[in-house]
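The values are calculated or read from the model by the stated rules, or taken from the named source; none is laboratory data. In this text the structure is predicted, and so the values were computed from the model without any measurement. Quick reminder, even Gly has a Cβ in these numbers, built from the backbone with ideal geometry, and neighbours come from all protein chains shown. With ligands, DNA and RNA removed, areas are computed over all heavy atoms of the protein, side chains included. Shrake-Rupley method; radii C 1.70, N 1.55, O 1.52, S 1.80 Å.
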Amino acid sequence: MAHEHEHEHEFILEIPEFEHLSYEVEEGIALVTLRRPEALNALSQDLLQELAEVAEVIHQDPEVRVAIFTGEGKAFAAGADLKEIAALKDPFMAREYALLGQQVFAEIAALPLPTIAAINGYALGGGLELALACDLRVASREAKLGLPEVGLGLIPGFGGTQRLPRLIGRGRALDLIFTGRHVSAEEALSLGLVNRVGEDALEEAKKLAQKIMKNAPIALALAKESVVRGEGLDLAEALEIEADLFGYASATEDMKEGVRAFLEKRAPNFKGE
């Protein structure tokens, strides 16, 4: 009788049925693949909603250490769905549409673990904005990146005018936004727009994820939190946040294990505790 309720509170993660993307977890890496290849993975409102749902799944999934976002076929994501944009009847509808995309990408950006965009082809408009919401970006040599919205009489509306200059600086961001041009993977690397370039973006992203996963999960989450919370603050305030989070990290079992492993000249066995 003592074991009758043993599994009563066991955590069971419910994964929704996705129509426009797939979600799988292998050895701690969550892989989210956009699956609208016939539309170059254009970000319809249905796909945006599924991205919000998958962000919640990642947040709740205890197995996930790093999340990778990629696209099926020859595009990462070639932008927002132009048919839906054409159907926007007035500025109020358009504003709500922009806010939807911003909110979804904010949920991805807020994930308390490292995220990587594996850019295997076109990452344009909303597709590049999705990649900008990830922590790191890895591109294949054939990738093309850009924010072409001004050529359609629009401006980037899913965070591009804010995240891009924060990442690569105002002048370089305005060059891309004003011209709407596509940049190659190599130029994107030189701009600091992507972190790595390889033959296969997904394989390169997985290698990067495996390097990241050798480190302590709580420390990774706290390091991300420190960087994100410190942005936009003056240095003194930001350093206070860093000191607080350093204090939290020092109280973890993983910190004790990390120091012990270093002194014993062995690989650490981090448990996220």
Item checked: Helix-only CD estimate at 222 nm, as mean residue ellipticity for the chain, using -39500 (n - 2.57) per DSSP H run (n ≥ 4) -> -14500 deg cm²/dmol
Check: Under 5 Å between amide H atoms, partner at least 5 residues away or on a different chain: which partners does residue 80 have, H built in plane at 1.01 Å?
Finding: 43, 126, 127
Check: Accessible area of residue 211, 1.4 Å probe, to the nearest 10 Å²?
Finding: 120 Å²
Next item on the list: Compare the peptides 12-24, 69-81 by average per-residue count of other Cβ atoms within 10 angstrom and give them in order, highest first.
Entry: 69-81, 12-24
Item checked: For region 217-264, accessible area per residue (1.4 Å probe, heavy atoms of protein chains only), Å² -> 68 Å²
Next item on the list: Note the angle between two axes, namely the Cα long axis of helix 45-60 and the longest principal axis of the Cα atoms of the chain, as a number of degrees from 0 to 90, rounded to the nearest 10.
Entry: 10 degrees
Check: With every protein chain kept in the model, how would you rank 179, 33 by accessible area, 1.4 Å probe, largest at the top?
Finding: 179, 33
Next item on the list: Please list, in chain and number order, the residues 5+ apart from residue 143 or on another chain whose amide H is under 5 Å from its amide H, with Hs placed from the backbone.
Entry: 185
Notebook entry, point to check: Pick from 165, 114, 148: which residue has the top mean-square fluctuation in a GNM of the chain where Cα pairs under 10 Å get a spring?
Noted result: 165
Next item on the list: Report, largest value first, the span of the C-alpha coordinates of region 1-123 along each principal axis, in whole Å.
Entry: 64, 33, 24
Checklist line | Residue among 91, 37, 112 with the largest mean-square fluctuation in a Gaussian network model of the chain, springs linking Cα atoms under 10 Å | finding: 91
Item checked: Sequence-separation-based contact order of region 95-246, relative, with Cα cut under 8 Å and 6+ spacing, percent -> 24 percent
Margin query: What do you get for the angle between helix 217-230 and the principal long axis of the chain? Use alpha-carbon atoms, 0 to 90 degrees, nearest ten.
Written below: 50 degrees
Notebook entry, point to check: Which ³J(HN,Hα) values, rounded to whole Hz and listed in residue order, are derived for region 64-72 from phi using the Karplus coefficients 6.51, -1.76 and 1.60 in 6.51 cos²θ - 1.76 cosθ + 1.60 with θ = phi - 60°, glycine and proline given as x?
Noted result: 7, 10, 9, 10, 10, 10, 8, x, 7
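Please compute the contact order of the chain in relative form: average sequence separation of alpha-carbon pairs under 8 Å and at least six residues apart, divided by the residue count, as a percent. Let's see the in-between values first.
Values: 471 pairs, mean separation 38.5, N = 273.
Relative contact order, the chain: 14 percent.
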Check: What is the Å³ per residue value for the convex hull set by the Cα atoms of the chain?
Finding: 174 Å³
Notebook entry, point to check: Which of the lysines could a cross-linker span from residue 256 if the Cα-Cα distance has to be under 23 Å and same-chain partners fewer than 8 positions apart are dropped?
Noted result: 211, 214, 224, 265, 271
Item checked: Karplus-derived 3J(HN,Hα), 6.51/-1.76/1.60, for each residue of region 107-113, Hz, glycine and proline x -> 5, 5, 4, 7, 4, x, 7
Margin query: Over region 217-264, what portion of Cα pair distances is larger than 14 Å, expressed as a whole percent?
Written below: 53 percent
Next item on the list: Excluding residue 37 itself, calculate the net charge of residues whose Cβ lies under 9 Å from the Cβ of residue 37, where each Lys or Arg counts +1 and each Asp or Glu counts -1.
Entry: +1
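Using the heavy atoms of the protein chains and a 1.4 angstrom probe, tell me the accessible area per residue for region 21-213 in square angstrom.
Heavy-atom accessible area per residue stands at 44 Å².
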Margin query: Mean-square fluctuation check for the chain, GNM, Cα pairs under 10 Å: which of 255, 93, 213 is largest?
Written below: 93
Note to self: At 1.4 Å probe size, put 266, 36, 95, 170 in order of accessible surface, largest to smallest.
What the structure shows: 170, 95, 266, 36
Checklist line | Other-chain or far-sequence residues with amide H under 5 Å of residue 197's (modelled H) | finding: 139
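Beta carbons within 10 angstrom, averaged per residue: use that to sort the peptides 180-192, 125-137, 242-254, highest first. Please list the in-between numbers first.
Values: 180-192: 17.0, 125-137: 26.5, 242-254: 14.5.
Highest to lowest by the protection proxy: 125-137, 180-192, 242-254.
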Check: How much of the accessible area of the chain, probe 1.4 Å, is carbon plus sulfur, in whole percent?
Finding: 55 percent
Check: What's log10 of I(q)/I(0) for region 77-199 at q = 0.14 Å⁻¹, Debye sum over Cα points only, no solvent?
Finding: -0.56
Margin query: Helix 201-212 against the longest principal axis of the chain: what's the angle in degrees, Cα atoms only, rounded to the nearest 10?
Written below: 30 degrees
